[in-house]
Amino acid sequence: MLVFPNAKINIGLNIVEKRADGYHNIESCFYPVGWSDALEITVNEQFSFQADGIAIPGGASDNLCTKAYQMIATDYPLPPVKMHLLKSIPIGAGLGGGSADAAFAIKALDQHFNLKISFEKQLDYARRLGSDCAFFIPNKPAYCFQKGDLFEDIELNLKGRWIVLVNPGMHISTAEAYSGIIPKRSEFDLRIVLKEPISNWKHKVKNDFEATLFPKYPLLAEIKEALYKQGAGYAAMSGSGSTLFGIFDLEKDLSKHFAEFVVWQGRLD
């Protein structure tokens with residue numbers, strides 16, 4: 001079975017409070033985008049995991065796809081499989097690529113072996129693997145809260161608009177990103193603001209990580225400003241990583257403009 005785990009962007013990201021367990025509660029809109037990895041699962045004599053493309057830190061046993069298989073195998077009669085991951089989504093980029101791989105592994109194993117795992121149990125498996133893994137089970141626009149592992153439907157349809165993602169190649173760890181954060185409540189309700197025209201978002205829809213990371217990495221601020229200069233209706237950093245995105249009304253080829261960086265561009269669904 002071959003599946004294509006896709007990335008997501010954060011449209012708005014408010015860090016509202018630190019939890020007793022060390023995590024943070026957030027408010028954000030997660031939106032799927034087409035930048036994808038490729039994950040192939042085939043029956044094998046023994047379990048194995050192999051990755052090509054972008055180098056992934058850690059060994060096979062550390063990968064979330066491996067952990068997804070092991071978790072399901074404790075509850076269901078899974079045969080040994082070979083997992084082959086072609087990694088294209090940058091790591092530490094705020095795009096949720098590793099979480100997507102894990103969630104798609106859960107869904108692919110369920111479908112390929114007809115395990116009939118309920119939707120709620122798939123969500124439970126995903127939440128055990130990572131805070132934003134569960135989003136990729138339904139894999140549709142959602143308002144996410146608490147650790148990012150709880151979500152509800154949101155009235156936001158960007159279908160047909162053009163998105164450009166620019167990754168300058170720097171890895172920002174989650175720990176580094178959170179180190180300068182002072183949690184606070186946003187003055188705007190993201191669910192309400194996102195109903196307004198995109199032209200209104202610039203001064204209301206914030207990613208809290210920008211305030212601490214832009215002074216440390218000025219290039220990120222420069223890319224965001226460049227996206228606006230190229231006509232983006234809205235531009236921001238995604239998640240806690242180093243990817244910036246711009247949303248445009250019409251198709252825009254910026255691959256040459258950002259030739260020194262990794263660029264993905266395409267239409268939103």
> Given N residues in the range 1-152, what is Rg(Cα) / (2.2 N^0.38 Å)?
Replying inline: 1.02
>> Per 0.36 nm of contour for each residue apart, how much would the distance between Asn157 and Leu2 grow if the chain were fully extended, relative to their Cα-Cα spacing?
In response: 53.0 nm
> Which order do Glu120, Glu187 take by accessible area at a 1.4 Å probe, largest first?
Replying inline: Glu187, Glu120
> What FRET efficiency would be calculated for the residue pair Ser173, Glu120, taking the C-beta separation as r and a Förster radius of 41 Å, to the nearest 0.05?
Replying inline: 0.85
> Which trypsin sites (Lys or Arg not before Pro) from the range 84-126 combine a DSSP loop assignment with at most 15 other Cβ atoms within 10 Å?
Replying inline: Lys116
> What does the helix-only formula give at 222 nm for the chain: each DSSP H stretch with n ≥ 4 adding -39500 (n - 2.57), the total divided by the residues, and the result rounded to the nearest 500 deg cm²/dmol?
Replying inline: -7000 deg cm²/dmol
> Considering only Cα-Cα distances, which of the following residue pairs are longer than 27 Å: Lys147/Lys256; Lys8/Lys224; Lys121/Lys195; Lys8/Lys195; Lys18/Lys159; Lys67/Lys184?
Replying inline: Lys147/Lys256; Lys121/Lys195; Lys18/Lys159; Lys67/Lys184
> At q = 0.17, 0.31, 0.32 Å⁻¹, what base-10 log of I(q)/I(0) does the Debye formula yield for the range 140-191 when every alpha carbon is treated as an equal point scatterer in vacuo?
Replying inline: -0.96, -1.11, -1.13
>> Tell me the volume per residue, in Å³, of the convex hull enclosing the alpha carbons of the range 152-269.
In response: 117
>> On a 1.4 Å probe surface of the protein chains, which of Lys140, Lys229 comes out largest in accessible area, and what is the full order?
In response: Lys229, Lys140
>> Residue by residue through the range 6-14, what is 3J(HN,Hα) from phi via Karplus (6.51 cos²θ - 1.76 cosθ + 1.60, θ = phi - 60°)? Round to whole Hz and write x for glycine and proline.
In response: 9, 7, 9, 10, 9, 9, x, 8, 9
> With all protein chains present and a 1.4 Å probe, how do Ile181, Ile15 order by accessible area, largest first?
Replying inline: Ile181, Ile15
>> For the range 1-60, I need the span (max minus min coordinate) of the C-alpha atoms along each principal axis, in Å, sorted largest to smallest.
In response: 47, 29, 21
> Expressed as a fraction of 2.2 N^0.38 Å, the rule-of-thumb size for a compact globular protein of N residues, what is the C-alpha radius of gyration of the range 113-215?
Replying inline: 1.29
> Given a cut-off of under 8 Å on Cα pairs at least six residues apart, what relative contact order in percent is computed for the range 71-191?
Replying inline: 23
> Of all the Cα-Cα pairs you can form in the chain, what percent are over 30 Å apart?
Replying inline: 28
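The values are calculated or read from the model by the stated rules, or taken from the named source; none is laboratory data. As the structure is a prediction and not an experimental result, all values here were calculated from the model. So basically every Cβ, Gly included, is an ideal-geometry build from the backbone, and we count neighbours across all protein chains shown. Just the protein is used for accessible areas: all its heavy atoms, side chains included, with ligands, DNA and RNA removed. Shrake-Rupley method; radii C 1.70, N 1.55, O 1.52, S 1.80 Å.
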